[in-house]
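Input: a single structure, listed below in structure tokens.
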Amino acid sequence: MTYRVHPSERIAHRVDRNHFLCLLSEHIERGRLLFDTEDLRPYECDGLSAYRELPWIVALPETIEEVQAVVRLCREHGVPVVARGAGTGLSGGALPIANGVLLSLAKFNRIIEIDRANRTARVQPGVRNLAISEAAAPYGLYYAPDPSSQIACTIGGNVAENSGGVHCLKYGLTVHNVLQVRVVTMDGELVVLGGSGYDSPGYDLLALITGSEGLLGVIVEITVKLLPIPPCAQVLLASFDSVEEAGGAVAAIIGAGLLPAGLEMMDNITIRVVEDFVHAGYPTGAAAIVLCEFDGIAEQVESDLLKAREIFRAEGATEVRQSTSEAERKTFWAGRKAAFPAAGRISPDYYCMDGTIPRKRLPEVLRRISELSAQYGLVVGNVFHAGDGNLHPLILYDANNPGELERVEELGGKILEACVEVGGTITGEHGVGIEKINQMCVQFRAAELAQFHSVKAAFDPAGLLNPGKAIPTLHRCAEFGAMHVHRGQIAHPDLERF
Amino acid sequence: MDADLSESLRQAVAEATDSGTPLTIVGSGSKTFYGRPSSDSVVGTAGHAGVLRYEPTELVLTVRCGTRLSDIESVLAECGQMLPFEPPHLGENATLGGTLACGFSGPRRPFAGSARDCMLGCRILNGKGEMLSFGGEVMKNVAGFDISRLMVGAMGTLGVILEASLKVSPKPERELTVCFERSIEEALNTMNLWCSQPWPLSGLAYDGSRIYARLSGSDRAVDAVYRKFGGDVCAEGDEFWRDLREQRHEFFRADGNLWRISLAPATPALDLPGTWFYDWGGALRWLKTGAPSENVFRAAEAAGGHASLFRGRSGDGRVFQPLPNGLKALHASLKRAFDPMGLFNPARLYEDL
Ligand SMILES: Cc1cc2nc3c(=O)[nH]c(=O)nc-3n(C[C@H](O)[C@H](O)[C@H](O)COP(=O)(O)OP(=O)(O)OC[C@H]3O[C@@H](n4cnc5c(N)ncnc54)[C@H](O)[C@@H]3O)c2cc1C
Ligand SMILES: Cc1cc2nc3c(=O)[nH]c(=O)nc-3n(C[C@H](O)[C@H](O)[C@H](O)COP(=O)(O)OP(=O)(O)OC[C@H]3O[C@@H](n4cnc5c(N)ncnc54)[C@H](O)[C@@H]3O)c2cc1C
């Protein structure tokens, strides 16, 4: 395992667990405080299950007052806290701390209000993403961001990760669809960020807390924007003989002024794996396919489809299919949505990466990935949110082979560094967590990391909220930098090497 | 006119750091009327101009902060694209830096997003004179805290924005503005009802007697929608939205206090004396009134929104809605995190920031 808590990221305290449980139980009934190893087990990891750690204590508060009490006690005693939604995160963001409290928001699962006139939903953080759209459906409304994990993941986790979905090219990420959050800060205060309208006075703390991976505060209530359900949606499936052509077609679609609701691409490895599993009728001989969906009023969708079909042909598509029914539209998408489970079926384990790149650099990044894949002897399939440049390479492996996970992680790190080299980023939507914490040292310079730390300290001076995640210490980077040279320079030459 | 002044701007900030001299950041000064008066030495960014990168097929534009909005818009228009948030210029030479610092967005905002929504990345100078980059030129990026969006609307109190990368969007093939006579109650109900239905709207305003609705899309779609939507076609639609955006509409041609009130769009009309103009489908309300600022702040807050004195004078010098204590403390500690010596635009946003 290459991830280790770095000594500089460890929060030491000498509080006795039983004593702390006593203190907690003055505010939360015993039954919602877990400490037996068996009870703690379900919380030992999130979706990045290669990393596990048993928490010290799990607390399951039901009210905001209880959250405040837990946080206040933790602050008073210097105990670290990690918030947790559904634990579907893919970067280890909700990985417990061995001597810390894991604060589960699972009991905050109520939809408080659907405000039809203002098209908003006020919900507790443990509400599942899809449950919001289901509750809004009777009013002809829905919540737009749709991560593939939407049946399970919570809206609190979505805000903490700024999650995206296949429709975010047109409808935006979580940050574009949240109006207000209530947050318990590390000193136990309840603050309201954002407004009931489209903006709020002072600094945009709502934008800052979105995607902050549980480092700045515990989100206890969220008001999201709801949109009218589009009356019509249709998808095109275009096949190409090369990924270059497919990439070119995607650029041409955008360049022509079209704004698809979804624009996704898959490479041949993924197409074959997926087709074997869901039988969506994908062309297994194609080097790449592009799924391109339009939604809105029927007349608009028709004119967009017409334009898009022409563009695909002109860009060399060998075949363009158009969904003729809602059932067929769902089938076209079924393959894309099943990409991860399909990988899980043919391979004992798979590891999903999440880099974002300027779209035009796609062919060169894919070439680099296939070189690395050959070099490490590991199969890599690629699914790509092509519209917004978010690449998900899936590395297939078997954790039972000694040393294989380490090789996978090294390959993953190399892939992310390739993304940074072409002007991209190490994470588009899954977050840094613990997984990409070393790569943060590649993407940012010391002064930038120091600025992140001072933002963190403005909210949480003692660094108790989710320590060791998302933002590496400069000491960690100095050590990592001893092995990596950043753009021809040793990173952080000012810090001593360990 | 393009020039890279980042090094001299960095030096100016570094010297201010050494001598502890506060700095007022000025783009071209078009928005000086907005916010509280700031003081002291001036650091001008207008010369730091130029489009650095523009990739129409990536929908991303990177420019230096001193670039004029009008220049940016012509570059985009050549490729059939636009800034989705339809920024008010409020002056011929308005710079992108000033626009982002003020966080102004125009009529398209509820439908296409705000200035901060479009912000993808930036290079800034913090109060220690360090040049830092955050975010990037890609649509999705969650590496590190979202400092870029935090800069939008901070009125330059957290740092000098040197460069910004923005998400741009295709210009609609066609836009059509239609009008409906309505009373205020009917107007608020109607506008909010339309917004809960899938109409291709891109602007929705009410001037006190008429609703103006802007429809956008392909030729075919706009024609088809108009047949169902109805209303009187407004021949000067484009001018109407431009004048509203630039505050050249007759409503804005008056002395006295002009307030900007932001709240949930379906909020019933507020009980404050004066004349009103509604934008953003009811979520943004302009009010001309002689009412004391205390009353306006209180009414906005009671309705769950917030007010700012856009033009004019308040008795007590307050311009922006006062913050509750918990938030005030967070603002103060964030300000220290970026600008520990309190150099940038002191008191421009709030007295104690
Ligand atoms: C099969 C699969 C598909 C996925 N597809 C997508 C996708 O398409 N797009 C996408 O963006 N992601 C995707 N993900 C990743 C994951 O679902 C998202 O990151 C999701 O937002 C996590 O939500 P969660 O409730 O599970 O949060 P958790 O995993 O429990 O926590 C995630 C982070 O948020 C913090 N957190 C959680 N709740 C709170 C709170 N109330 N207050 C403060 N901090 C909090 C945690 O501390 C942690 O750092 C996928 C995951 C899986 C397993
Ligand atoms: C004769 C004359 C008449 C004029 N009349 C008008 C008029 O009636 N109305 C009008 O609006 N304008 C008027 N102007 C102003 C003019 O048009 C300006 O040149 C212009 O529009 C630029 O201002 P700005 O948008 O750059 O923002 P500014 O007003 O310079 O700045 C707005 C805010 O943003 C901050 N800021 C600016 N740049 C940055 C940055 N890079 N980083 C961080 N913070 C930053 C500032 O500190 C300030 O808080 C007039 C000019 C002249 C010569």
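The values are calculated or read from the model by the stated rules, or taken from the named source; none is laboratory data. Owing to the predicted nature of the structure, the values given are computational and were not obtained by experimental measurement. We place every Cβ from the backbone using ideal geometry, glycine too, and count neighbours over all the protein chains shown.
Numbers for the structure displayed
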quantity	calculated
Enumerated helices (runs of 4 or more DSSP H) restricted to the range A:236-340, each holding at least 1 residues that are surrounded by fewer than 24 Cβ atoms within 10 Å (Cβ to Cβ) and among the small types (Gly, Ala, Ser)	A:243-255, A:298-314, A:326-337
Single unsatisfied condition, B:Leu193 versus (1) within 11 Å of chain A (Cβ to nearest Cβ); (2) outside any strand (DSSP E or B); (3) crowded, with 19+ Cβ neighbours inside 10 Å	(3)
Residue within the range A:381-398 that is free of Cβ contacts under 8 Å to residues at least 24 places away in the same chain and within 24 Å of the chain's Cα centre (by Cα) present	no
Test: A:Glu448 is of a type outside the set (A, V, I, L, M), over 22 Å from A:Ser163 (Cβ atoms), within 10 Å of chain B (Cβ to nearest Cβ) and part of a helix (DSSP H, G or I)	yes
Residue match in the range A:148-163 (condition: within 14 Å of ligand 1 (Cβ to nearest atom), surrounded by fewer than 24 Cβ atoms within 10 Å (Cβ to Cβ), under 22 Å from the mean Cα position of the chain (by Cα) and outside any loop (DSSP other than H, G, I, E, B))	no
Complete set of residues in the range B:244-274 that are surrounded by fewer than 16 Cβ atoms within 10 Å (Cβ to Cβ) and outside any loop (DSSP other than H, G, I, E, B)	B:Glu250
Some residue of the range A:114-125 being farther than 26 Å from A:Tyr198 by Cβ and more than 16 Å from ligand 2 (Cβ to nearest atom)	no
Residues of the range A:172-190 that turn out to be crowded, with 24+ Cβ neighbours inside 10 Å and more than 12 Å from ligand 1 (Cβ to nearest atom), as a count	1
Selected residue (criterion: surrounded by the most Cβ atoms within 10 Å (Cβ to Cβ)) from residues of the range A:341-375 that are among the hydroxyl-bearing types (Ser, Thr, Tyr) and in a helix (DSSP H, G or I)	A:Ser373
Number of positions in the range B:135-159 that are without any contact (Cβ under 8 Å) to a residue 24 or more places away in the chain and more than 7 Å from chain A (Cβ to nearest Cβ)	0
Pairs with Cβ under 7 Å, 6+ apart, first in the range A:424-435 and more than 7 Å from chain B (Cβ to nearest Cβ), second in a loop (DSSP other than H, G, I, E, B) and at pLDDT below 90	A:Ile434/A:Tyr3
The range A:153-177, subset away from chain B (no Cβ under 11 Å) and touching a helix residue (DSSP H, G or I) at 6+ places or on another chain (Cβ under 8 Å), residue nearest to ligand 2 (Cβ to nearest atom)	A:Val159
From the options A:Leu396, A:Leu411, residue that is more than 11 Å from chain B (Cβ to nearest Cβ), more than 30 Å from A:Leu259 (Cα to Cα) and part of a helix (DSSP H, G or I)	A:Leu411
Qualifying strands (runs of 3 or more DSSP E) (wholly inside the range B:1-120; at least 1 residues being basic (Lys, Arg))	B:51-55, B:60-64
A:Leu190 being more than 15 Å from A:Pro125 (Cβ to Cβ) and at the interface with chain B (Cβ under 10 Å from one of its Cβ atoms)	no
Residue within the range A:255-265 that is touching a helix residue (DSSP H, G or I) at 6+ places or on another chain (Cβ under 9 Å), more than 14 Å from chain B (Cβ to nearest Cβ), closer than 24 Å to A:Ala342 by Cα and among the aliphatic types (A, V, I, L, M) present	yes
Criterion: in contact with a strand residue (DSSP E or B) (Cβ under 8 Å, 6 or more places away or on another chain) and surrounded by fewer than 23 Cβ atoms within 10 Å (Cβ to Cβ) - qualifying residue of A:Leu227, A:Leu193, A:Leu216	A:Leu227
Qualifying position, being β-branched (Val, Ile, Thr) and free of Cβ contacts under 8 Å to residues at least 12 places away in the same chain, among A:Thr318, A:Thr331, A:Thr356, A:Thr324	A:Thr324
Top-ranked residue in the range B:167-181 [being part of a strand (DSSP E or B) and within 14 Å of chain A (Cβ to nearest Cβ); ranked as farthest from A:Tyr171 (Cα to Cα)]	B:Leu176
Residues being within 16 Å of ligand 1 (Cβ to nearest atom) and in a helix (DSSP H, G or I) - total across the range A:376-385	0
Given (1) more than 8 Å from ligand 1 (Cβ to nearest atom); (2) in a loop (DSSP other than H, G, I, E, B); (3) over 23 Å from A:Pro358 (Cβ atoms); (4) in contact (Cβ under 8 Å) with a residue 60 or more places away in the chain, number of the condition A:Glu213 does not satisfy	(1)
Residue check for B:Glu78: away from ligand 1 (no atom under 16 Å from the Cβ), without any contact (Cβ under 8 Å) to a residue 40 or more places away in the chain and either away from chain A (no Cβ under 14 Å) or farther than 19 Å from B:Gly135 by Cβ (or both)	yes
Candidate set from the range A:91-117 (those that are surrounded by fewer than 23 Cβ atoms within 10 Å (Cβ to Cβ) and within 14 Å of chain B (Cβ to nearest Cβ)); member that is farthest from the chain's Cα centre (by Cα)	A:Ala117
Members of the range B:298-343 found to be in contact with a His (Cβ under 6 Å, 6 or more places away or on another chain) and more than 8 Å from every other protein chain (Cβ to nearest Cβ), listed by number	B:Ala300
Any hit, the range B:85-103, residues being at pLDDT 95 or above and at the interface with chain A (Cβ under 10 Å from one of its Cβ atoms)	yes
Condition met for B:Asp146 (under 19 Å from the mean Cα position of the chain (by Cα) and within 16 Å of ligand 1 (Cβ to nearest atom))	yes
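Let's see how each residue does on (1) crowded, with 22+ Cβ neighbours inside 10 Å; (2) of a type outside the set (A, V, I, L, M); (3) in contact with a strand residue (DSSP E or B) (Cβ under 6 Å, 6 or more places away or on another chain):
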position: B:Phe104; (1), (2), (3): yes, yes, no
position: B:Cys122; (1), (2), (3): yes, yes, yes
position: B:Val178; (1), (2), (3): no, no, yes
position: B:Ser209; (1), (2), (3): no, yes, no
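Residues checked against (1) of a type in the set (Gly, Ala, Ser); (2) within 16 Å of ligand 2 (Cβ to nearest atom); (3) in a helix (DSSP H, G or I):
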| site | (1), (2), (3) |
| --- | --- |
| A:Ala50 | yes, no, no |
| A:Pro55 | no, no, no |
| A:Val58 | no, no, no |
| A:Gln68 | no, no, yes |
| A:Leu73 | no, no, yes |
| A:Val79 | no, no, no |
| A:Gly89 | yes, no, no |
| A:Pro96 | no, no, no |
